[in-house]
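The values are calculated or read from the model by the stated rules, or taken from the named source; none is laboratory data. Nothing here was measured: the structure is a model prediction, and the numbers come from that model. Neighbour counts run over all protein chains shown; Cβ positions are idealised from the backbone, glycine included.
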Amino acid sequence: MKLAFVMDPISNISYRKDSTLAMMIEAQERGHEIFYIEPNCLFFDSDKPCAEYSSISVKYEESNWYEKGENKTASLDFFDAILMRQDPPFNMDYINNTYILESAEKLGVKVFNDPKTLRDSNEKLAILDYPSLITDTIVSSSKKIIKDFIGRNSEVVIKPLGLMGGEGIRRLHEEDADLLETLDSIEQKNEKMMVQKFIPEVFEGDKRVILISGKDCGFSVTRIPQGDDFRGNLAAGGKAEVREMNDRDFEIVNAIKPKLIEQGILVAGIDILGSFLTEINITSPTCFRELYDQQGINLAKDLIEQIEKAF
């Protein structure tokens with residue numbers, strides 16, 4: 001199988017922790033040809049979806065974790081399957097790439113995750129389909145609406161809709177001296193934000209549950225904030241601990257997975273804080289290596305096996 005990975009520059013990854021690298025190594029070890037495409041290398045040539053790509057070999061080696069072949073250009077139907085692993089920001093560049101990948105699907109290429117679902121299902125807004133599983137939440141750019149919500153809840157967390165890794169997330173309290181200045185800035189940018197009631201259990205860590213074709217492994221990666229930072233995101237310096245899922249975790253996952261399967265989502269990262277669902281990540285979910293390093297759970301193997309079954 002010719003398997004291409006659309007991903008941000010591989011030269012910048014953490015080879016010890018990167019989930020996409022784990023997938024690439026697993027595919028390589030199973031005898032598949034693997035290829036590398038950077039997001040800005042996807043393009044249309046007239047109506048034909050194309051990419052500038054290179055063959056690639058990968059390994060777990062600190063100073064030399066990849067070796068690229070020469071750059072070539074081809075129609076995307078050169079590949080049997082494509083894994084879309086471009087990180088947010090979820091902006092027009094990302095959206096335009098989903099159009100290119102959707103066009104590749106029409107040529108018979110298998111694309112994971114489904115590009116139409118990537119485009120239509122915002123990782124933050126997707127939780128609104130499950131009101132019984134989430135904390136008090138609004139989405140707005142209005143100073144008045146957000147201020148009234150903070151007044152009702154005293155303390156909130158505010159999140160940009162298109163970022164990742166804890167970027168842009170802020171904790172706001174009704175007595176903050178710069179509260180009105182912050183809300184003015186949001187209203188002036190006219191950019192809708194998700195605002196949620198603050199969940200104190202955040203200091204105990206938030207959980208990431210990885211689903212492969214709707215199936216969990218029975219464990220979550222709990223990301224624990226360090227120091228004074230309330231964000232547990234690993235990209236923000238959080239510490240990872242693999243723990244067994246509890247009854248509430250299973251309840252949340254079981255409520256979500258039928259729709260994910262229906263939408264053609266091969267891999268999803270479900271985020272749970274306390275007893276609440278907080279995000280449904282489908283762009284480039286991580287934490288594969290934490291599960292493998294701490295519990296020997298090889299979800300990269302499960303993922304590649306699921307792709308193989310598609311043929």
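Brief remarks follow.
- Just one of the listed residues (SER185, SER140) is surrounded by 14 or more Cβ atoms within 10 Å (Cβ to Cβ) and small (Gly, Ala, Ser), namely SER140.
- Pairing residues of region 148-163 that are within 28 Å of ILE282 (Cα to Cα) with residues that are polar (S, T, N, Q) and assigned to a strand (DSSP E or B), at Cβ distances under 7 Å and at least 6 apart in sequence or on separate chains, gives VAL156/GLN196; VAL157/GLN196.
- The residues of region 148-169 that are charged (D, E, K, R) and loosely packed, with under 15 Cβ neighbours inside 10 Å, listed by number, are ASP148, ARG152.
- The lone criterion from (1) crowded, with 20+ Cβ neighbours inside 10 Å; (2) modelled with pLDDT under 95; (3) of a type outside the set (Ser, Thr, Tyr); (4) farther than 18 Å from THR286 by Cα left unmet by PHE90 is number (4).
Here is a yes/no grid of residues against (1) of a type outside the set (Gly, Ala, Ser); (2) out of contact with any His (no Cβ under 8 Å at 6 or more places or on another chain); (3) modelled with pLDDT of 95 or more; (4) within 17 Å of THR20 (Cβ to Cβ):
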{"position": "LYS48", "(1), (2), (3), (4)": "yes, yes, yes, no"}
{"position": "GLU61", "(1), (2), (3), (4)": "yes, yes, no, yes"}
{"position": "SER103", "(1), (2), (3), (4)": "no, yes, yes, no"}
{"position": "ASN113", "(1), (2), (3), (4)": "yes, yes, yes, yes"}
{"position": "ASP120", "(1), (2), (3), (4)": "yes, yes, no, no"}
{"position": "LYS124", "(1), (2), (3), (4)": "yes, yes, no, no"}
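- Remark: pairs (first residue in region 59-86, over 26 Å from SER46 (Cβ atoms); second residue hydroxyl-bearing (Ser, Thr, Tyr); Cβ separation under 6 Å; 6+ apart in sequence or on different chains) = TRP65/TYR15; GLU67/SER57; LYS68/SER54; GLY69/SER54; GLY69/SER55; ARG85/THR20; ARG85/SER284.
- Condition broken by GLY264, with the remaining ones in (1) at pLDDT below 95; (2) crowded, with 21+ Cβ neighbours inside 10 Å; (3) of a type in the set (Gly, Ala, Ser) satisfied: (2)
A quick yes/no check of all residues on (1) touching a helix residue (DSSP H, G or I) at 6+ places or on another chain (Cβ under 7 Å); (2) of a type in the set (Phe, Trp, Tyr); (3) farther than 22 Å from LEU163 by Cα; (4) not assigned by TED's automatic domain parsing to the domain that holds ILE212:
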position: SER14; (1), (2), (3), (4): no, no, no, yes
position: MET23; (1), (2), (3), (4): yes, no, yes, yes
position: ILE82; (1), (2), (3), (4): yes, no, yes, yes
position: ARG85; (1), (2), (3), (4): yes, no, no, yes
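- Tally of residues being surrounded by fewer than 18 Cβ atoms within 10 Å (Cβ to Cβ) and outside any loop (DSSP other than H, G, I, E, B) across region 40-53: 7
- Applying the criterion of being modelled with pLDDT under 95 and aliphatic (A, V, I, L, M) to the residues of region 195-223, the residue that is nearest to SER142 (Cα to Cα) is ILE199.
- One residue stands out in region 1-32 among those that are among the aliphatic types (A, V, I, L, M) and assigned to a helix (DSSP H, G or I): the one that is surrounded by the most Cβ atoms within 10 Å (Cβ to Cβ), namely MET24.
- Identification of strands (runs of 3 or more DSSP E) wholly contained in region 58-146 with 2 or more residues that are of a type in the set (A, V, I, L, M) and touching a strand residue (DSSP E or B) at 6+ places or on another chain (Cβ under 6 Å) yields 81-85, 137-140.
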